[in-house]
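*Asks:* Would you mind keeping the following structure in view while I ask a few things?
The values are calculated or read from the model by the stated rules, or taken from the named source; none is laboratory data. The structure displayed is predicted, hence computed values, not measured ones. A quick note on method: Cβ atoms are made from the backbone with ideal geometry, for glycine too, and the neighbour counts reach across all protein chains shown.
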């Protein structure tokens, strides 16, 4: 057998630390694969294999495509792939010690359903189903033969949506107690699994993966993966709750955007109890009567505002542009640029790539004789960038994150954002010409559903004043906000 050394796809995130320790104990210590490291890619070592680091949900896809021979990830993400693509030849070899996980159908307590009670399909006509596992949620809807449903495909924080913005939720949680800790009622466990070791069936037949598998197999534990869709339903219909229109609904972001958003709110004299620089609750208390606040992922906000779930949201220019690239006529717009959380988005290549500018890169790619592979968390912006530069052939690879792992082996270029460039440098990457400068911004609907337009104008006015005050302070101090 010949060719490149076997590839191992490893997860970033919470599994990175404990899995790194387990691999080291099995004689597979990997330099740079430890908790807190920004390294996402490494070359082959003397043991005859190479490794890359990905978001968990991308690992089964990479193995299915044959880009990597072996992968380690949560069973949940293998089940999510198979729910839509059952013919993919991804073989589960076993499970490693690690946290068990389930996928649960849940409801808010106000829905009036008891734990373990799946609603009758006839009572779910038009149900709103929120999830970051859309394939498993679709499979559930098919099993229940739902006559009509709206699937709210999210980047995360699905537990925040009931009861106003979703009727039911499909989410990953360790057990029923973990579901209840999120303030939800566990109705049915759709799936159980652990930390899986998976391999490409083609690789097992054609490659020598012994350097990896012989070390991993002795650590396997007896955790099985099981899909258990409901085969019966109760007769109690869930109570549904629509958003109120006599209040102004405001969405605030969690994650990296939170610190900058809190600073912008503080500059505007707005303090929402439970929403700080780092800590938050999903439903902060508003000091302004008639303003209802919820904390969700900024990636989901343009679509939520467009649908009228929220009247105003603090997201990013990048997220708005990505949404409008997919839905140009979407009724959402930027009402105010807050000017914070500034970073650049542009084409990113390996440091050894023989071009310094996008114009020079286009000439290199023209000689490839195949489509240019563009990986990005922003597939809409990636396609827009490809059109703007008149690439005749391009293959867009949507990914969940950890994009620095993809270039140059699995993609020719990234459309990626960077604030300081540190992660790019660690992974031996560099940006060509920036394509977009993104900041955090305030989004509003072209046709807000709230009847409290007075509150909308008051909120926007206070935020505008906060931007002016920050700009004046920065000018006086000789710095930037």
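*Asks:* Check off (1) in contact with a helix residue (DSSP H, G or I) (Cβ under 6 Å, 6 or more places away or on another chain); (2) under 30 Å from residue 420 (Cα atoms); (3) buried (at least 21 other Cβ atoms within 10 Å of the Cβ); (4) in contact (Cβ under 8 Å) with a residue 60 or more places away in the chain for residue 62 and give me the number that stays unchecked.
*Replies:* Failed condition: (1).
*Asks:* Hey, among the residues in the range 312-338 that are part of a loop (DSSP other than H, G, I, E, B) and touching a helix residue (DSSP H, G or I) at 6+ places or on another chain (Cβ under 6 Å), which one's surrounded by the most Cβ atoms within 10 Å (Cβ to Cβ)?
*Replies:* 338
*Asks:* Identify, from the list 146, 133, the residue that is buried (at least 24 other Cβ atoms within 10 Å of the Cβ) and touching a helix residue (DSSP H, G or I) at 6+ places or on another chain (Cβ under 9 Å). Don't jump to the end; show me each part of the working.
*Replies:* Values: 146 fails: buried (at least 24 other Cβ atoms within 10 Å of the Cβ).
Going through 146, 133 in turn, just one is buried (at least 24 other Cβ atoms within 10 Å of the Cβ) and touching a helix residue (DSSP H, G or I) at 6+ places or on another chain (Cβ under 9 Å): 133.
*Asks:* While we're on this one: Condition check: within 24 Å of residue 448 (Cβ to Cβ), at pLDDT 95 or above, part of a helix (DSSP H, G or I) and out of contact with any helix residue (DSSP H, G or I) (no Cβ under 7 Å at 6 or more places or on another chain). Does residue 305 satisfy that? Full working, then the answer.
*Replies:* Values: within 24 Å of residue 448 (Cβ to Cβ): yes; at pLDDT 95 or above: yes; part of a helix (DSSP H, G or I): yes; out of contact with any helix residue (DSSP H, G or I) (no Cβ under 7 Å at 6 or more places or on another chain): yes.
Yes: the conditions hold for residue 305.
A quick yes/no check of all residues on (1) more than 22 Å from the chain's Cα centre (by Cα); (2) crowded, with 22+ Cβ neighbours inside 10 Å:
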position: 94; (1), (2): yes, no
position: 122; (1), (2): yes, no
position: 138; (1), (2): no, no
position: 155; (1), (2): no, no
position: 161; (1), (2): no, yes
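*Asks:* Also, quick follow-up: Any residue in the range 41-48 that is assigned to a helix (DSSP H, G or I), farther than 23 Å from residue 136 by Cα and without any contact (Cβ under 8 Å) to a residue 12 or more places away in the chain?
*Replies:* Restricting attention to the range 41-48, the residues satisfying the condition of being assigned to a helix (DSSP H, G or I) are none.
No.
*Asks:* Okay, moving on. For the range 129-151, give me each residue that is over 24 Å from residue 177 (Cα atoms) and either outside any loop (DSSP other than H, G, I, E, B) or outside the structural domain of residue 178 (by TED's automatic domain parsing) (or both).
*Replies:* Filtering the range 129-151 down to residues over 24 Å from residue 177 (Cα atoms) leaves 135, 138-139, 141-151.
Correct list: 135, 138, 139, 141, 142, 143, 144, 149, 150, 151.
*Asks:* Further, regarding this structure: Out of all the residues in the range 444-460, is one or more within 23 Å of the chain's Cα centre (by Cα) and surrounded by 15 or more Cβ atoms within 10 Å (Cβ to Cβ)? Working first, answer last.
*Replies:* Step one: of the range 444-460, the residues within 23 Å of the chain's Cα centre (by Cα) are 444.
If we keep only those that are surrounded by 15 or more Cβ atoms within 10 Å (Cβ to Cβ) as well, we get 444.
Yes: one or more hits.
*Asks:* Got a number for residues in the range 15-24 being farther than 11 Å from residue 96 by Cβ and either surrounded by 18 or more Cβ atoms within 10 Å (Cβ to Cβ) or in contact (Cβ under 8 Å) with a residue 40 or more places away in the chain (or both)? Full working, then the answer.
*Replies:* Quick first cut of the range 15-24, residues farther than 11 Å from residue 96 by Cβ only: 16-17, 20-21, 24.
Then drop every residue that is not either surrounded by 18 or more Cβ atoms within 10 Å (Cβ to Cβ) or in contact (Cβ under 8 Å) with a residue 40 or more places away in the chain (or both), which leaves 20.
Total meeting the criteria: 1.
*Asks:* Can I ask one more? Here is a list of conditions, (1) at pLDDT below 95; (2) in contact with a strand residue (DSSP E or B) (Cβ under 7 Å, 6 or more places away or on another chain), and residue 75 meets all of them except one; can you say which number that is?
*Replies:* Answer for residue 75: the failing condition is (1).
*Asks:* Hey, can you tell me all the residues within the range 426-466 that are assigned to a loop (DSSP other than H, G, I, E, B) and in contact with a helix residue (DSSP H, G or I) (Cβ under 6 Å, 6 or more places away or on another chain)?
*Replies:* Step one: list which residues in the range 426-466 are assigned to a loop (DSSP other than H, G, I, E, B), which gives 427-428, 432-435, 439, 446-452.
Passing the criteria: 427, 432, 433, 435, 439.
*Asks:* Report yes if some residue within the range 252-265 is surrounded by 14 or more Cβ atoms within 10 Å (Cβ to Cβ), within 22 Å of the chain's Cα centre (by Cα), free of Cβ contacts under 8 Å to residues at least 12 places away in the same chain and not in a strand (DSSP E or B); otherwise report no.
*Replies:* Looking for residues that are surrounded by 14 or more Cβ atoms within 10 Å (Cβ to Cβ), within 22 Å of the chain's Cα centre (by Cα), free of Cβ contacts under 8 Å to residues at least 12 places away in the same chain and not in a strand (DSSP E or B), one finds none in the range 252-265, hence no.
*Asks:* Another question, if that's okay. If you take just the helices (runs of 4 or more DSSP H) that sit entirely in the range 152-237, which of them hold at least 1 residues that are touching a residue at least 40 places away in the same chain (Cβ under 8 Å) and under 30 Å from residue 310 (Cα atoms)? Spell out how you get there, then give the answer.
*Replies:* Values: elements: 176-181, 201-206, 210-216.
Per the criteria, 176-181.
*Asks:* What number of residues in the range 332-374 are touching a strand residue (DSSP E or B) at 6+ places or on another chain (Cβ under 6 Å), in contact (Cβ under 8 Å) with a residue 40 or more places away in the chain and more than 13 Å from residue 432 (Cα to Cα)?
*Replies:* Residues meeting the conditions: 13.
*Asks:* Being part of a strand (DSSP E or B) and within 15 Å of residue 257 (Cβ to Cβ) is the filter here, so list the residues in the range 269-283 that pass it. Working first, answer last.
*Replies:* Filtering the range 269-283 down to residues part of a strand (DSSP E or B) leaves 273-275, 280-283.
Scanning the range 269-283 gives 275, 280.
*Asks:* Then there is this: How many residues does the range 54-74 contain that are part of a strand (DSSP E or B) and under 19 Å from the mean Cα position of the chain (by Cα)?
*Replies:* Restricting attention to the range 54-74, the residues satisfying the condition of being part of a strand (DSSP E or B) are 54, 70-74.
Applying the additional criterion that residues be under 19 Å from the mean Cα position of the chain (by Cα) yields 54, 72-74.
Total satisfying the criteria: 4.
*Asks:* Quick check on my filter: what residues within the range 96-115 are surrounded by fewer than 17 Cβ atoms within 10 Å (Cβ to Cβ) and either in contact with a strand residue (DSSP E or B) (Cβ under 8 Å, 6 or more places away or on another chain) or at negative phi (or both)?
*Replies:* The initial filter retains those residues of the range 96-115 that are surrounded by fewer than 17 Cβ atoms within 10 Å (Cβ to Cβ), namely 97, 99-100, 109-110, 112, 114-115.
Selection gives 97, 99, 100, 109, 110, 114, 115.
*Asks:* For the range 26-35, enumerate the residues that are touching a helix residue (DSSP H, G or I) at 6+ places or on another chain (Cβ under 8 Å) and surrounded by fewer than 19 Cβ atoms within 10 Å (Cβ to Cβ).
*Replies:* Restricting attention to the range 26-35, the residues satisfying the condition of being touching a helix residue (DSSP H, G or I) at 6+ places or on another chain (Cβ under 8 Å) are 26-30, 33-35.
Result: 26, 27, 29, 34, 35.
*Asks:* Another one. Have a look at 474, 469, 386 and point out the one that is touching a residue at least 24 places away in the same chain (Cβ under 8 Å), assigned to a helix (DSSP H, G or I) and on the phi < 0 side of the Ramachandran plot.
*Replies:* When all the criteria are applied, what remains is 469.
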